[in-house]
Amino acid sequence: MKTTNKVLLFNPWSAQYGFRIPNSILQVAASITGKFEYEFVDGNREIDCWTTISNLLATGEFKYFASTVMPGPQLKQAIPFSEKVRKQFPHVVIIWGGYFASNQYKVAIESSFVDFIIDGPGDYAFPQLLNAIESQQPVSEISNLIYKEGGEVIRNRKQALPDYDQLNDLPYEKLFNRYSAEGYLKKTFLGRKTAAYHSSFGCPFTCSFCAVVPIYNARWKGKSALGIYNDIKRLKENHGADAVEFHDNNFFVSEKRTREFCELIAKENMSWWGEGRIDTIDKYSDESLTMMKEAGCKMIFFGAESGNDEVLAQMDKGGTQTAEQIKRFAARMRKFDIIPEYSFVLGLPAPTPEQVLAQIDQDIEFIKEIKTINPDTEIIIYVYSPVPTEGSELYDAITSAGFRFPEKLKDWLSPAWEKFDQRRNPLTPWLQPAMVDKIQNFETVLNAYYPTASDTKLTNLQKTVMRSLSSFRYNQNVFSFPYEIKLLQKLWLRYRQPELEGF
Ligand code: B12
Ligand code: SF4
């Protein structure tokens, strides 16, 4: 008999090149493996993605269109495709999950084309939802679920975080049968075939600007070191992976887990990268940092955020990070030859425009100081884009400064909101265009003066030319209209910009 309740798992387009293993839909697929039949569609790997989707749905075998949705570029396919599915295949149930869906759930569920939202981890909630629909049972008891009933938006309670080690194996083979593994294991500064892996839920901190907080409420749960190692070994042995990007929000929460992982991975001769907190890893012993270096850890991404202790206190609730520590830690990492990749968030609200600008200038000076302490430090600059953590001090500040999110799902498709998502040009009322220009021009000059070590395309000669061209501007703080630098960056195209590419 023909199956009619298959699930189409969709990863909307998110990157022009350097496609990553789509761990969100892969993990969701694992949750229904053996229970429901499914097919992957990865917008990054399709030439005519809508035709692929509509051809699959037209077979009549699919009852569910399930899409992961991050803010930014993914909305460009997630929104119009979901709308078209509703129009052309009205019997198909549309389910969204992922960071955009969970954080902007009101605007998404109020649209006429999203039936259910998985709020946070979908590992238990998704199969439960499908089972309930199939057996026509109520969904009111399913945790991590948002839906509409009688015109009212219902947000069910959140459940405890799943135990990563108890989840089904990730169905890599099924994904790689549809899309070649080669297209996902990409060349980076880490290795020739870099895999993307996600090994923990959430984060134990509550930074007031962060999108992880409203979803995980300061909870974190990691997979065991052995579990991570076994998966990575599988990717190495079966597909030749020689490096790993850890996509966890905070890979390094547990020093014990990191050390256990280092002991296991050291013999595999692989390079790896992950995201962590300065105040967490600064507590690691020298022995742990040595183990990490020897086990292949090349670079760590840190939210340095700001060089102002007051701003850090406002942003980093629950943390202990200070400006002094950020500087000291950059020097410490140099000793262990692990590159710190520091991200800064500039342009936070302040009572007057003068104060906003003064804060930007102070952060620029701080970044330059960090570069003097450890020139290898990679700097990533974001313009502050608020995430509504209702009740936080920062949320109150931004709403009283007049900031509002779009009221209709489709409004998120406007170019201005897309830029907002990419944290490049937020529509925040306290930031004047000249301030945004200053931040971006400084970044252009900085990137030219210190070309990023993770760029595998720029030659040493190109780097030297960039540095001499930008040296006057950098040293004299002359950042306006850096057209000559932009021209060169454009010429040597695809100059790597982690702030745009996501990493
Ligand atoms: C990989 C990644 C990317 C990749 C693309 C991913 C892809 N799918 O191909 C790239 C590098 C392109 C990317 C880009 C961006 N990203 Co991104 N990205 C991530 C990252 C690191 C991992 C995502 C992932 O694979 N997670 C692993 C899976 C297993 O976890 P998960 O997605 O949470 O999935 C679980 C649940 O959410 C749920 N679920 C998720 N999807 C679905 C779908 C269904 C149907 C169901 C039922 C359930 C479900 O169930 C899953 C299993 O429990 C996350 C952070 C993170 N740790 O998740 C940021 C993150 C999602 N990105 C973010 C952002 C903002 C961006 C950018 C838009 C901006 C930027 N500068 O970073 C850019 C856009 C760049 C561009 N191209 O212009 C933010 C979102 C913040 C927010 N406001 O909501 C995050 C949270 C990072 C952060 N902490 O700030 N990103
Ligand atoms: S430490 Fe990072 S992931 Fe955790 S709450 Fe802060 S910004 Fe978010």
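The values are calculated or read from the model by the stated rules, or taken from the named source; none is laboratory data. Small disclaimer: the values here were computed from a predicted structure and weren't measured. Cβ coordinates were reconstructed from backbone atoms using ideal geometry, including for glycine residues, and neighbour counts include every protein chain displayed.
Taking the stretch 31-53 as the search range and keeping residues that are closer than 14 Å to Leu130 by Cα and not in a strand (DSSP E or B), which one is nearest to ligand 2 (Cβ to nearest atom)?
If we take residues in the stretch 31-53 being closer than 14 Å to Leu130 by Cα and not in a strand (DSSP E or B), then Ser31 is nearest to ligand 2 (Cβ to nearest atom).
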Residue set Phe329, Phe302, Phe246, Phe261; condition among the aromatic types (Phe, Trp, Tyr), free of Cβ contacts under 8 Å to residues at least 60 places away in the same chain and in contact with a His (Cβ under 9 Å, 6 or more places away or on another chain); output residue Phe246
Lys236 - would you say it is away from ligand 1 (no atom under 16 Å from the Cβ) and crowded, with 18+ Cβ neighbours inside 10 Å?
yes
Would you point out the residue of the stretch 103-141, among those that are acidic (Asp, Glu), surrounded by 15 or more Cβ atoms within 10 Å (Cβ to Cβ) and over 16 Å from Thr33 (Cα atoms), that is nearest to the chain's Cα centre (by Cα)?
Asp119
Name the residue, out of Phe336, Phe344, Phe252, that is closer than 23 Å to Ala195 by Cβ, of a type in the set (Phe, Trp, Tyr) and without any contact (Cβ under 8 Å) to a residue 60 or more places away in the chain.
Phe252
Val153 passes all but one of the listed conditions (1) in a strand (DSSP E or B); (2) surrounded by 16 or more Cβ atoms within 10 Å (Cβ to Cβ); the exception is number (2)
Determine if the stretch 282-297 includes at least one residue that is within 16 Å of ligand 1 (Cβ to nearest atom) and in contact (Cβ under 8 Å) with a residue 24 or more places away in the chain.
no
Quick check, is Glu83 surrounded by fewer than 20 Cβ atoms within 10 Å (Cβ to Cβ), assigned to a helix (DSSP H, G or I) and out of contact with any Leu (no Cβ under 6 Å at 6 or more places or on another chain)?
yes
Output the number of the condition that Lys63 fails; it satisfies all remaining conditions of (1) farther than 30 Å from Ser200 by Cα; (2) under 20 Å from the mean Cα position of the chain (by Cα).
(2)
For the stretch 267-286: of the residues being out of contact with any Phe, Trp or Tyr (no Cβ under 9 Å at 6 or more places or on another chain) and over 18 Å from Tyr342 (Cα atoms), which is surrounded by the fewest Cβ atoms within 10 Å (Cβ to Cβ)?
Lys267
Report yes if some residue within the stretch 4-16 is in a loop (DSSP other than H, G, I, E, B), more than 8 Å from ligand 1 (Cβ to nearest atom), over 16 Å from the mean Cα position of the chain (by Cα) and modelled with pLDDT under 95; otherwise report no.
yes
Can you tell me which of Ile215, Ile146 is under 26 Å from Phe302 (Cα atoms) and among the β-branched types (Val, Ile, Thr)?
Ile215
When you check Leu289 against the structure, is it touching a Phe, Trp or Tyr at 6+ places or on another chain (Cβ under 9 Å) and modelled with pLDDT of 95 or more, yes or no?
yes
Quick one: how many residues across the stretch 292-330 are over 14 Å from Ile367 (Cα atoms), touching a Phe, Trp or Tyr at 6+ places or on another chain (Cβ under 7 Å) and polar (S, T, N, Q)?
0
What pairs can you find where one residue is in the stretch 54-71 and within 16 Å of ligand 2 (Cβ to nearest atom), the other is of a type in the set (S, T, N, Q), and their Cβ atoms are less than 7 Å apart, with a gap of 6+ or different chains?
Met70/Ser14
Within the stretch 288-325, residues acidic (Asp, Glu) and part of a helix (DSSP H, G or I) come out as Glu294, Asp309, Glu310, Glu324
When you scan the stretch 341-352, do you find a residue that is assigned to a helix (DSSP H, G or I), at pLDDT 95 or above and surrounded by 20 or more Cβ atoms within 10 Å (Cβ to Cβ), even just one?
no
Selection status of Phe301, under 20 Å from the mean Cα position of the chain (by Cα) and closer than 22 Å to Phe205 by Cα
yes
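This table checks each residue for (1) at pLDDT 95 or above; (2) of a type outside the set (Phe, Trp, Tyr); (3) within 16 Å of ligand 2 (Cβ to nearest atom).
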residue: Thr372; (1), (2), (3): yes, yes, no
residue: Gly391; (1), (2), (3): no, yes, yes
residue: Pro406; (1), (2), (3): no, yes, no
residue: Arg423; (1), (2), (3): no, yes, yes
Filtered residues of the stretch 300-310 (kept if surrounded by 20 or more Cβ atoms within 10 Å (Cβ to Cβ) and either small (Gly, Ala, Ser) or more than 12 Å from ligand 2 (Cβ to nearest atom) (or both))
Ile300, Gly303, Ala304, Ser306, Gly307
Looking only at the stretch 187-214, which residues are out of contact with any Lys or Arg (no Cβ under 6 Å at 6 or more places or on another chain), within 11 Å of ligand 1 (Cβ to nearest atom) and either assigned by TED's automatic domain parsing to the domain that holds Ile146 or over 24 Å from Leu346 (Cα atoms) (or both)?
Tyr197, His198, Ser200
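Quick grid of which residues meet (1) closer than 21 Å to Glu110 by Cα; (2) of a type in the set (A, V, I, L, M); (3) touching a Ser or Thr at 6+ places or on another chain (Cβ under 6 Å):
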{"residue": "Leu26", "(1), (2), (3)": "no, yes, no"}
{"residue": "Glu37", "(1), (2), (3)": "no, no, yes"}
{"residue": "Met70", "(1), (2), (3)": "yes, yes, no"}
{"residue": "Gln77", "(1), (2), (3)": "yes, no, no"}
